[in-house]
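Novice: My questions will all concern the structure given below.
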Ligand code: 3JN
């Protein structure tokens with residue numbers, strides 16, 4: 001299946017915010033690509049996209065789309081993945097799914113290559129790409145877990161609107177214009193398109209990402225909790241999250257509090273480990289006001305870490321500020337890195 005030199009690839013959701021990034025990353029990837037098939041909903045059928053100097057026509061994604069495909073990258077929402085992933089696997093493809101449809105299925109590896117690429121070997125046709133907020137957090141925390149042990153994570157996120165899709169980008173731009181002209185802001189997408197109420201995101205902060213669950217946390221918050229435990233192989237790790245949407249177009253930021261297991265760990269110890277951690281860039285120098293921001297991380301592949309401090313009361317407690325481009329490492333890049341690993345051409 002995925003062992004010959006060149007791979008036939010399908011991208012499902014080729015016209016979405018993440019799908020477009022996947023195509024751009026595949027163009028410059030070291031993957032040898034035989035056939036490239038771009039799939040989307042019927043609405044986008046017939047659109048043209050140039051890929052590695054060849055004009056491709058977007059086709060409607062159906063259960064019959066996957067004949068001769070080696071790797072199918074899904075990023076068209078959970079319901080499309082639930083409808084079509086099994087058909088792709090039955091056709092002989094390995095599916096890398098960028099939705100929450102299969103993430104917590106125990107037969108489906110959930111993978112961030114820098115953290116747990118070994119789990120890829122256990123796949124049964126489907127591999128899940130984690131939620132964007134989870135990916136950047138575990139990329140930064142896994143090296144600290146390995147060196148100092150990890151007992152607790154408390155995270156608050158500052159998430160960009162692009163996590164909610166291209167429509168949310170348009171809503172932020174339109175509301176910004178309305179506000180600056182003194183007009184009423186119109187809201188129909190955020191915090192959650194399908195939920196009952198909508199609030200303006202421009203010049204605002206919305207403490208709701210995805211819908212609420214019965215325990216008072218939102219689904220986005222519970223994804224961070226459950227996916228982190230699975231990725232780190234720590235079912236008993238204490239994790240809690242508060243996810244907040246801000247009027248930022250791209251890159252999620254996170255304020256993370258951790259408690260390590262070892263005594264006597266210093267800020268310098270954390271910096272020493274993070275400086276050489278795969279996929280992580282340390283940007284931490286209060287003397288020169290060096291720390292990452294969503295704008296400085298935009299368009300970059302890495303997870304940026306700064307503002308590392310020891311807690312004032314708990315000797316094992318530390319605070320970190322973690323920023324990454326939600327559409328790259330948080331989504332498209334991690335998906336393509338999994339494909340590269342599968343094909344044996346990955347860098348890490
Ligand atoms: O809102 C964000 O910043 C991230 C959103 C992710 C998202 C949005 C809709 C559906 C997901 C996800 O990847 O967890 C899903 C989903 O697949 O459940």
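Novice: Being assigned to a loop (DSSP other than H, G, I, E, B), within 20 Å of residue 132 (Cβ to Cβ) and free of Cβ contacts under 8 Å to residues at least 40 places away in the same chain is the filter here; which residues of the range 279-298 pass it? Step through it out loud before you land on a result.
Specialist: Step one: of the range 279-298, the residues assigned to a loop (DSSP other than H, G, I, E, B) are 279, 283-284, 289, 291-293, 298.
Restricting the remaining residues to those that are within 20 Å of residue 132 (Cβ to Cβ) gives 279, 283, 292-293, 298.
283, 292, listed by residue number.
Novice: Among the listed residues 156, 162, identify the single one that is within 16 Å of the ligand (Cβ to nearest atom) and either assigned to a loop (DSSP other than H, G, I, E, B) or in contact with a strand residue (DSSP E or B) (Cβ under 7 Å, 6 or more places away or on another chain) (or both). Working first, answer last.
Specialist: Details: 162 fails: either assigned to a loop (DSSP other than H, G, I, E, B) or in contact with a strand residue (DSSP E or B) (Cβ under 7 Å, 6 or more places away or on another chain) (or both).
Step by step, each of 156, 162 is checked, and only 156 is within 16 Å of the ligand (Cβ to nearest atom) and either assigned to a loop (DSSP other than H, G, I, E, B) or in contact with a strand residue (DSSP E or B) (Cβ under 7 Å, 6 or more places away or on another chain) (or both).
Novice: With the structure loaded, tell me whether residue 344 is part of a loop (DSSP other than H, G, I, E, B), modelled with pLDDT of 95 or more and surrounded by fewer than 20 Cβ atoms within 10 Å (Cβ to Cβ) or whether it fails that test.
Specialist: So residue 344 fails the test.
Novice: Here's something else I'd like to know. For the range 207-249, name all the residues that are out of contact with any strand residue (DSSP E or B) (no Cβ under 9 Å at 6 or more places or on another chain) and under 23 Å from residue 115 (Cα atoms). Reasoning before the result, please.
Specialist: Going through the range 207-249, the residues out of contact with any strand residue (DSSP E or B) (no Cβ under 9 Å at 6 or more places or on another chain) turn out to be 213-216, 233, 235-236, 247, 249.
Scanning the range 207-249 gives 233, 235, 236.
Novice: List the residue pairs whose Cβ atoms are under 8 Å apart, where the first residue sits in the range 196-209 and is on the phi > 0 side of the Ramachandran plot and in a loop (DSSP other than H, G, I, E, B), the second is within 16 Å of the ligand (Cβ to nearest atom) and at pLDDT 95 or above, and the two are 6 or more positions apart or on different chains.
Specialist: 203/247
Conditions tested, residue by residue: (1) under 30 Å from residue 150 (Cα atoms); (2) in contact with a helix residue (DSSP H, G or I) (Cβ under 7 Å, 6 or more places away or on another chain).
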| residue | (1), (2) |
| --- | --- |
| 196 | no, no |
| 203 | no, yes |
| 212 | yes, no |
| 225 | yes, no |
| 228 | yes, yes |
| 238 | yes, no |
| 243 | yes, yes |
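Novice: Okay, next question. Looking at residue 176 and the list (1) part of a helix (DSSP H, G or I); (2) within 14 Å of the ligand (Cβ to nearest atom), which single condition is not satisfied?
Specialist: In the conditions (1) part of a helix (DSSP H, G or I); (2) within 14 Å of the ligand (Cβ to nearest atom), residue 176 misses (2) alone.
Residue-by-condition table, conditions (1) surrounded by 17 or more Cβ atoms within 10 Å (Cβ to Cβ); (2) over 30 Å from residue 279 (Cβ atoms):
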residue: 122; (1), (2): no, no
residue: 152; (1), (2): no, no
residue: 159; (1), (2): yes, no
residue: 172; (1), (2): yes, no
residue: 197; (1), (2): no, yes
residue: 201; (1), (2): yes, no
residue: 207; (1), (2): no, no
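Novice: Same structure, new question: Give 81, 65, 100 a once-over and let me know the one that is within 14 Å of the ligand (Cβ to nearest atom) and not in a loop (DSSP other than H, G, I, E, B).
Specialist: Working: 65 fails: within 14 Å of the ligand (Cβ to nearest atom); 100 fails: not in a loop (DSSP other than H, G, I, E, B).
When all the criteria are applied, what remains is 81.
Novice: Return the residues of the range 107-138 that are more than 24 Å from residue 154 (Cα to Cα), assigned to a helix (DSSP H, G or I) and touching a residue at least 24 places away in the same chain (Cβ under 8 Å); say none if nothing qualifies.
Specialist: 117, 120
Novice: Follow-up question, since we're still on this one. If I ask for residues that are in contact (Cβ under 8 Å) with a residue 24 or more places away in the chain and away from the ligand (no atom under 16 Å from the Cβ), which ones from the range 308-328 would you list? So that I can check it myself, show each step before the final result.
Specialist: Step one: filter the range 308-328 for residues in contact (Cβ under 8 Å) with a residue 24 or more places away in the chain, giving 308-311, 314-328.
Of everything in the range 308-328, those that are in contact (Cβ under 8 Å) with a residue 24 or more places away in the chain and away from the ligand (no atom under 16 Å from the Cβ) turn out to be 308, 309, 310, 311, 314, 315, 316, 317, 318, 319, 320, 321.
Novice: Oh, and also: Output the residues belonging to the range 229-259 that are part of a loop (DSSP other than H, G, I, E, B) and within 16 Å of the ligand (Cβ to nearest atom). Step through it out loud before you land on a result.
Specialist: Here is the first cut: in the range 229-259, the residues part of a loop (DSSP other than H, G, I, E, B) are 232-237, 246-251.
Within the range 229-259, 246, 247, 248, 249, 250, 251 meet the criteria.
The values are calculated or read from the model by the stated rules, or taken from the named source; none is laboratory data. Small disclaimer: the values here were computed from a predicted structure and weren't measured. Methodologically, a virtual Cβ is constructed for each residue, glycine included, from the backbone with ideal geometry; neighbour enumeration extends over all protein chains shown.
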